[in-house]
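Notes follow the structure.
Nothing in this text is a laboratory measurement; each read-out follows from the coordinates by a stated rule. What you are looking at is a predicted structure, and each value in this text was computed from that prediction instead of being measured. Here the Cβ positions follow ideal geometry from the backbone for every residue, glycine too, while neighbour counts run over all protein chains shown.
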Amino acid sequence: MTPAELELREYAVLGLVAEASHLALDYFGRSDSLNITMKGAQDWLTAADGAVESFLRERLGRLFPADGVIGEEGGGEAADAVWIIDPIDGTANFAHGDRNWCISIGFVLAGRPEIGVIAAPALGEVYRARRGSGASLNGRPIRVSGTSDIGRASLEFGWSKRKPLDSYIEMVRRGFEAGAAVKRPGAGALGLCHVACGRTDAYAELHINSWDVAAGLVIAAEAGAHVNDFFEGDAITAGNPVLCCTPELQDELECITGIVSRHKDR
Ligand code: IPD
């Protein structure tokens with residue numbers, strides 16, 4: 001794929017995410033139209049998830065018919081050129097009327113994330129990056145914090161029921177014991193963006209799905225973050241652990257989380 005074809009995809013997806021944001025905002029805060037169902041304890045599904053994903057699938061399919069599409073709700077097959085969508089990341093927040101949720105669209109080529117666009121419509125924020133072109137928030141360049149003192153660090157550790165609770169609690173304990181503050185705001189894609197713009201110093205999760213991170217990992221890497229080798233193996237369909245942090249904290253975060261990369265970014 002040529003640089004021009006990638007650039008075209010980046011601009012197309014910026015337009016689509018703006019439309020998808022209006023669609024999601026029409027549902028947000030209207031508990032009467034959310035049609036909430038639980039896929040399991042703490043595993044939420046709202047009418048907005050389905051509506052936003054259908055909209056994005058239909059438009060991407062029309063614009064780029066040769067590309068594959070994988071979405072949190074509709075699934076899909078891994079392909080050489082593939083869009084990876086989370087229609088609403090932070091669905092539990094969305095359903096509760098908490099504004100910390102986003103729409104995440106990543107484009108992965110030959111196993112490498114190339115484009116990431118994440119919109120947090122209720123917060124008025126759009127993050128974007130294309131590999132090699134830097135990362136921005138609402139058009140302004142962003143950069144990781146550069147924090148090297150773990151005693152000043154703010155860490156986000158994502159949680160899901162896909163891993164035993166003890167392993168999560170142990171990771172949180174090690175984070176606090178090292179002197180950091182640990183939190184869990186509940187939208188993994190936005191968590192990666194917050195590392196990218198220096199609001200936090202790290203995001204880690206012992207297992208996360210590709211639709212939660214495909215866009216955020218490009219954005220964070222382009223903002224100077226260390227990101228682990230998430231896309232190894234069958235991560236696109238089965239997920240993997242994720243660690244994303246300001247590079248100065250890579251060694252300490254690898255000890256705290258146990259998520260170790262072969263490469264050093266510091
Ligand atoms: C979840 C959120 C959460 C993360 C979970 C994800 P969803 O996605 O991103 O922060 O910890 O791993 O499953 O269900 O809100 O789209």
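Observations on the model:
- The protection proxy used here, the mean number of other Cβ atoms lying within 10 Å of each residue, ranks peptides 225-232, 185-192 as follows, highest first: 185-192, 225-232.
- R0 of 45 Å, Cβ-Cβ distance residue 234-residue 22: FRET efficiency to nearest 0.05: 0.80
- Added length on full extension, which subtracts the Cα-Cα distance from 0.36 nm per residue, residue 176 to residue 149: 8.4 nm
- Distant alpha-carbon pairs in the stretch 105-184 (separation over 20 angstrom), percent: 57
- Stretching the chain fully between residue 8 and residue 47 yields a gain of 11.0 nm (0.36 nm per residue, less the alpha carbon separation).
- For the stretch 25-95, the list of GluC sites (Glu not before Pro) that fall in a loop by DSSP and count at most 15 other C-beta atoms within 10 angstrom reads 77.
- Residues 94, 55, sorted so that the one with the fewest Cβ neighbours within 10 Å comes first: 55, 94
- Stokes-Einstein translational diffusion, the stretch 146-266 - Kirkwood Rh over all Cα pairs, 0.692 mPa s, 37 °C, in µm²/s: 237
- Separation of the residue 110 and residue 199 label points, Cα + 7 Å toward Cβ, nm: 3.5
- The chain - percent relative contact order, Cα under 8 Å, separation 6 or more: 16
- Mean-position separation - Cα centroids, the stretch 100-172 and the stretch 189-252, in angstrom: 6
- The stretch 88-122 residues near the modelled residue 36 label - backbone nitrogen below 18 Å, point 7 Å along Cα→Cβ: 88-102
- Sorted peptide list for 134-140, 96-102, 117-123, 242-248, criterion being average Cβ within 10 angstrom, highest first: 242-248, 117-123, 96-102, 134-140
- Projecting label points 7 angstrom from Cα along Cα→Cβ for residue 79 and residue 140 puts them 3.8 nm apart.
- Summary value for the stretch 1-126: 23 percent relative contact order, contacts being C-alpha pairs under 8 angstrom separated by 6+ residues.
- Ranked 37, 2, criterion: other C-beta atoms within 10 Å, fewest first: 2, 37
- Peptides 61-67, 3-9 ranked from most to least packed by the mean count of surrounding Cβ atoms within 10 Å: 3-9, 61-67.
- Computed from the alpha carbon positions, the gyration tensor of the chain leads to an equivalent ellipsoid with semi-axes of 27, 22, 17 Å, biggest first.
- Residues 171, 38 in ascending order of nearby Cβ atoms (within 10 Å, fewest first): 38, 171.
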